[in-house]
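Below is one structure, written out as structure tokens; comments come after it.
The values are calculated or read from the model by the stated rules, or taken from the named source; none is laboratory data. Every value quoted in this text rests on a predicted model; they were computed, and no experiment measured them. All Cβ positions, even for glycine, are placed from backbone atoms using ideal geometry, and neighbour counts span all protein chains on display. Areas reflect the complete protein model, heavy atoms only, side chains present, ligands, DNA and RNA absent. Shrake-Rupley method; radii C 1.70, N 1.55, O 1.52, S 1.80 Å.
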Amino acid sequence: MSDVIVVGAGPTGLMLAAELGQRGVDVVVVDRDEAPTPFVRALGIHVRTIEIMEQRGLLDRFLARGTKYPLNGFFAGISKPAPSYLDTEHGYVLGIPQPEIDRILADHAAEVGADIRRGKRVDTIEQHDDGVTAELSDGTTLHARYLVGCDGGRSTVRKLIGVAFPGEPSTADTLIGEVDVTMPADEMAATVAEVRVTQKRFGIGPAGNGSYRVVVPAADVADGRTPPPTLDDVKRQLVAVAGTDFGVHSPRWLSRFGDATRLAEYYRRGRVFLAGDAAHIHPPMGGQGLNLGVQDAFNLGWKLAAAIGGWAPEGLLDSYESERRPVAADVLDNTRAQAELISTTPKAQAVRRLFAELMDFDDVNRYLVEKITAISVRYDFGNGDDLVGRRLRNITLSRGTLYSLMHDGRGLLLDQSGALSVDRWGDRVDHVVDTSADVGFPAVLLRPDGHVAWAGDTQAELDIHLARWFGDPRV
Ligand SMILES: Cc1cc2nc3c(=O)[nH]c(=O)nc-3n(C[C@H](O)[C@H](O)[C@H](O)COP(=O)(O)OP(=O)(O)OC[C@H]3O[C@@H](n4cnc5c(N)ncnc54)[C@H](O)[C@@H]3O)c2cc1C
């Protein structure tokens, strides 16, 4: 019997497996595919995900394989310079194709002990009082105390536990792929620029690996029986939209995606949880889906580990849904808004022009960038300063930086007074006595995901919040 079965070795499942594995949790990841997909869906990671990687000491691996781009054009593709100030050290997008992201996360998960098994599909699951049993396509059975469905938008786990997935079906599909082209680069760039004045769902340009990434509206909306697109489908749509097929040939891969927008009604049913695309789907505008899934995993990992370690306080596991579901609902809404803004109807184009004017106000621009990059997320922890519930950026301390002290994924008390103690929770929480010009409180208590659990100065208050997030003190 394992502690946790993670279904799906996409970015969400791999991040979760790593968060569990590094805390000594016995975790098995199963994925139906024999090998990771070569399809490049996400093209990069946003600020909060970059910070998360830094919090776990992984950022160097991502920086070594990525390219930094300005934070421009991430709301409905409206091009504006990045806001004058963002509350982060990482005010950029890190361009890195999803297969690379997945590979880094898979390597890390394996290094911290996750057992990743490919070519095994989960077909049925059954919950018992003390665990979950999953039957796999190879006829074997796995048992664990918990199971997490990170198995993508068509999640089998979600269906098996009977969680509804309400929302809107796809109304507009898009073809996507990597191809070679014969059209000269300058002619292509000029044609793309002209077509994109009105058609924002179209583009073709270098993919960074010698081939070209093509994106073009599909002629129809797929149902379960629609076959994958062919090169001829792509050519036909390019001609329809741009008047030329750019001489596309030799596809490396072709796929399609829709704009369905759905949110799981529940994120938890007993011992089974949902995370990532299994819990929420939306059009890829703003480049948020992978980031959202990784951040789900970052929220759930330490809580599940706490439950398995026997110290999870009452309600901790349920806080996964109450914290993360509203965040996803907000992302779904911003993609709905962006979908309107890229519509080619005259009314939508007029709203887009107005919106673009509003984004010239630095505060408006910053508000939207903070939303897309997820650095404005604030969990509702009840009363407290505005800081409480937010993530703390990598602040500078007199002896180093905050995130460098969080690689182990434990709680942390930053104590500028030196008068406080976490001794009774010392097996779960680090005590850092240091000062920072960036924090206006004598002390802040951080959860393992870097969100501020408490800010104040008295031991009595601190103890209440330590118990709330880290359970009973040691006897
Ligand atoms: C065109 C496009 C562009 C995108 N661009 C971006 C972007 O720039 N930035 C961004 O953040 N996001 C982007 N996204 C979204 C992003 O790709 C997804 O949100 C992300 O892959 C979700 O990760 P996941 O791990 O939750 O699910 P997935 O990546 O879908 O992984 C699910 C895994 O579960 C496995 N699985 C499924 N069923 C079973 C089963 N029954 N048993 C075992 N295994 C199973 C699958 O094989 C798969 O490996 C884009 C998406 C698309 C379509």
Quiz item: All but one of (1) surrounded by fewer than 18 Cβ atoms within 10 Å (Cβ to Cβ); (2) assigned to a loop (DSSP other than H, G, I, E, B) hold for Ser404; which doesn't?
Solution: (2)
Quiz prompt | Output for the range 97-142, where each listed residue is assigned to a loop (DSSP other than H, G, I, E, B) and near the ligand (Cβ under 10 Å from one of its atoms) | solution = Pro97, Gly119, Lys120, Arg121, Ser137
Quiz prompt | Check on Leu142, of a type in the set (A, V, I, L, M), open to solvent by less than 60 Å² (accessible area, probe 1.4 Å), within 23 Å of the chain's Cα centre (by Cα) and under 30 Å from Arg56 (Cα atoms) | solution = no
Self-check item: Test for Phe361: is it on the phi < 0 side of the Ramachandran plot, out of contact with any Pro (no Cβ under 9 Å at 6 or more places or on another chain), of a type in the set (Phe, Trp, Tyr) and surrounded by fewer than 23 Cβ atoms within 10 Å (Cβ to Cβ)
Solution: yes
Quiz item: What are the pairs, 6+ residues apart or on separate chains, where a residue within the range 135-152 that is at positive phi and outside the structural domain of Leu317 (by TED's automatic domain parsing) has its Cβ under 8 Å from a residue that is more than 11 Å from the ligand (Cβ to nearest atom) and open to solvent by 60 Å² or more (accessible area, probe 1.4 Å)?
Solution: none
Practice problem: Taking Asn72 as meeting all but one of (1) away from the ligand (no atom under 14 Å from the Cβ); (2) at pLDDT 95 or above, write down the number of the exception. | Solution: (2)
Quiz item: Has the range 283-290 got any residue that is open to solvent by less than 60 Å² (accessible area, probe 1.4 Å), within 30 Å of Gln127 (Cα to Cα) and in contact (Cβ under 8 Å) with a residue 40 or more places away in the chain?
Solution: yes
Quiz item: For the range 204-268, which strands (runs of 3 or more DSSP E) that fit wholly inside it have 3 or more residues that are under 22 Å from Gly152 (Cβ atoms)?
Solution: 249-257, 261-263
Quiz item: In the set Asp107, Asp102, Asp33, which member is of a type in the set (D, E, K, R) and open to solvent by less than 30 Å² (accessible area, probe 1.4 Å)?
Solution: Asp102
Practice problem: Could you figure out which of (1) closer than 26 Å to Thr198 by Cβ; (2) open to solvent by less than 40 Å² (accessible area, probe 1.4 Å) isn't true of Asp245? | Solution: (2)
Practice problem: For the range 13-68, enumerate the residues that are among the charged types (D, E, K, R), touching a residue at least 24 places away in the same chain (Cβ under 8 Å) and more than 8 Å from the ligand (Cβ to nearest atom). | Solution: Glu19, Arg23, Asp26, Glu34, Arg48, Glu51, Glu54, Arg56, Arg61, Arg65, Lys68
Exercise. Determine the pairs where a residue that is in contact (Cβ under 8 Å) with a residue 60 or more places away in the chain and among the small types (Gly, Ala, Ser), located within the range 90-101, has a partner that is assigned to a loop (DSSP other than H, G, I, E, B) and surrounded by fewer than 21 Cβ atoms within 10 Å (Cβ to Cβ) with Cβ atoms under 9 Å apart, the partner being 6 or more residues away or on another chain.
Key: Gly95/Leu43; Gly95/Gly208
Practice problem: Identify the residue in the range 148-196 that is of a type in the set (D, E, K, R), open to solvent by less than 30 Å² (accessible area, probe 1.4 Å) and within 11 Å of the ligand (Cβ to nearest atom) and, among all such residues, is nearest to Thr226 (Cα to Cα). | Solution: Asp173
Quiz prompt | Any hit, the range 373-394, residues being more than 28 Å from Ala305 (Cα to Cα) and not acidic (Asp, Glu) | solution = no
Exercise. Give the range 259-282 a look and list any residue that's in contact with a helix residue (DSSP H, G or I) (Cβ under 7 Å, 6 or more places away or on another chain), open to solvent by 10 Å² or more (accessible area, probe 1.4 Å) and within 9 Å of the ligand (Cβ to nearest atom), or say none.
Key: Asp277, His282
Quiz item: Hey, among Pro228, Pro184, which residue is in contact with a strand residue (DSSP E or B) (Cβ under 9 Å, 6 or more places away or on another chain) and either farther than 22 Å from Ile78 by Cα or not assigned by TED's automatic domain parsing to the domain that holds Gly95 (or both)?
Solution: Pro228
Exercise. Find the residue count for the range 464-475, including only residues that are surrounded by fewer than 17 Cβ atoms within 10 Å (Cβ to Cβ) and either among the hydrophobic types (A, V, I, L, M, F, W, C) or under 17 Å from Asp430 (Cβ atoms) (or both).
Key: 5
Practice problem: Among the residues of the range 317-331, write down those that are within 15 Å of Asn291 (Cα to Cα) and buried (at least 21 other Cβ atoms within 10 Å of the Cβ). | Solution: Arg324, Ala328, Val331
